[in-house]
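First the structure, in the form of structure tokens, and then the observations on it.
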Amino acid sequence: LIQRSGSIQPYVNTAWVLSIVRGVLITLLILLSALFLPSFYHEQRLFFMLMIASAIPFIKGFINPSIIQFWKNLKYDREAYLRFILAFIEATSAVFFTLWLKSALALVYAILVSAVVEVIISQTFVTPRPRWTLSFKRLKEILRMSGWLNVGGLFAFLVGNLDDLIIGKMLGTQNLGYYQQTFNVTQSSIGEIGDVSAQTVFPIYSSIQVDRKRLKRAFIKSVFPLAILLLVPLVVILTFPSYLVQLILGTQWLPIVPLLPWLIGAAYIQAINTMMYQVYLAIRKPIINVSILCIHLVVMISLLLVLTSEKGLVGTGMA
């Protein structure tokens, strides 16, 4: 929808119906996973957590697709306000439910609340509002243009989650917790900056994609400042890892210190990669991204199995 010239209004209804159907399918997949993941991890509490979490993609399917106009029309301030509100609500809900329930289920409820609020905001304050109407002509157009995007989304999901599955099985849930916390630290300090930068430049790349020289200049002008900017948190974390972990997370998280340099380096490289992915999307060659993600997945799994078994959690970071 971002790449299409002109108004997205003719596509909103069909995109909304498609989004709801996709949400239902993802919900069913999560419900199916609830049948085997608890025994896979030897953690029976997972069953109820997954049952509750399965409602999240179903709810998010009802988000008004018109919300994408914030990016399409370069109205980043509105997107920023929305994300701030949702982040605040999710964080506040997480604290409230944690104090009340004293359970990891609190985090699931917090995301659930945030999803409901996002649907309400998008349907109340964003226009045009969608209706339950499906145009097969528009559906074919959307599916034709987004086919490789969906395949890429599947590979991106596997890249982002199979490592957790492997680590949890090989090293146990405690080490998985250490790994995920390290990942969160590196993502919040570097990865998310790269993600936001990539989302920001994509509509710009798309608007000039026919002029390849101009697109090349735009890519260089956006990626080099980002690479220099991200060196600041990279150097700080690499220089004072133990001090920062104790200061921010507490002494109980010191076991993540040996893992931190590897994952912060990975986050830095991935932030640059994410900018590159936007170029291939802008020139409408998402198959290149799919190919890269496929190679990434195969190499990641192979290295994880070998290095994790040989070097434990540090081997995981190396992989």
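When region 47-65 is filtered for residues that are touching a Phe, Trp or Tyr at 6+ places or on another chain (Cβ under 9 Å) and either open to solvent by less than 40 Å² (accessible area, probe 1.4 Å) or not aromatic (Phe, Trp, Tyr) (or both), the ones remaining, listed by number, are Ile52, Gly61, Ile63, Asn64, Pro65.
In region 124-154, the qualifying residues are those that are of a type in the set (S, T, N, Q) and under 28 Å from Ala80 (Cα atoms), and the one that is least open to solvent (accessible area, probe 1.4 Å) is Ser146. Checked against (1) without any contact (Cβ under 8 Å) to a residue 24 or more places away in the chain; (2) outside any helix (DSSP H, G or I); (3) of a type outside the set (A, V, I, L, M), Gly177 passes all but a single condition, namely (2). When the residues of region 209-226 are filtered to those that are without any contact (Cβ under 8 Å) to a residue 60 or more places away in the chain and either open to solvent by less than 20 Å² (accessible area, probe 1.4 Å) or among the acidic types (Asp, Glu) (or both), the one that is farthest from Phe70 (Cα to Cα) is Asp211.
Among the candidates Thr27, Thr92, the residue that is surrounded by fewer than 14 Cβ atoms within 10 Å (Cβ to Cβ), in a helix (DSSP H, G or I) and out of contact with any Asp or Glu (no Cβ under 7 Å at 6 or more places or on another chain) is uniquely Thr92.
Yes or no: Thr14 closer than 18 Å to Leu149 by Cα, modelled with pLDDT of 90 or more and out of contact with any strand residue (DSSP E or B) (no Cβ under 6 Å at 6 or more places or on another chain)? Judged against the criteria, Thr14 is a match. Selection of region 17-46 for residues being free of Cβ contacts under 8 Å to residues at least 12 places away in the same chain and closer than 20 Å to Leu149 by Cβ yields Leu25, Leu29. Residue check: Gln44 meets all listed conditions (1) buried (at least 17 other Cβ atoms within 10 Å of the Cβ); (2) touching a helix residue (DSSP H, G or I) at 6+ places or on another chain (Cβ under 7 Å); (3) of a type outside the set (A, V, I, L, M) but one, namely (1).
Those helices (runs of 4 or more DSSP H) of region 197-313 in which 3 or more residues are under 28 Å from Lys75 (Cβ atoms) and of a type in the set (D, E, K, R) occupy 212-229. The set of residues in region 99-123 that are in a helix (DSSP H, G or I), open to solvent by less than 60 Å² (accessible area, probe 1.4 Å) and free of Cβ contacts under 8 Å to residues at least 12 places away in the same chain is empty. With respect to Trp262, determine if the residue is more than 18 Å from Ala319 (Cβ to Cβ) and buried (at least 16 other Cβ atoms within 10 Å of the Cβ). Criteria not met by Trp262.
The values are calculated or read from the model by the stated rules, or taken from the named source; none is laboratory data. Keep in mind it's a predicted model, so treat the numbers as computed, not measured. No Cβ is skipped: glycine too gets one built from the backbone with ideal geometry, and neighbour counts run over all protein chains shown. When the accessible area is computed, the model is the full protein with side chains, heavy atoms only, and any ligands, DNA or RNA have been set aside. Shrake-Rupley method; radii C 1.70, N 1.55, O 1.52, S 1.80 Å.
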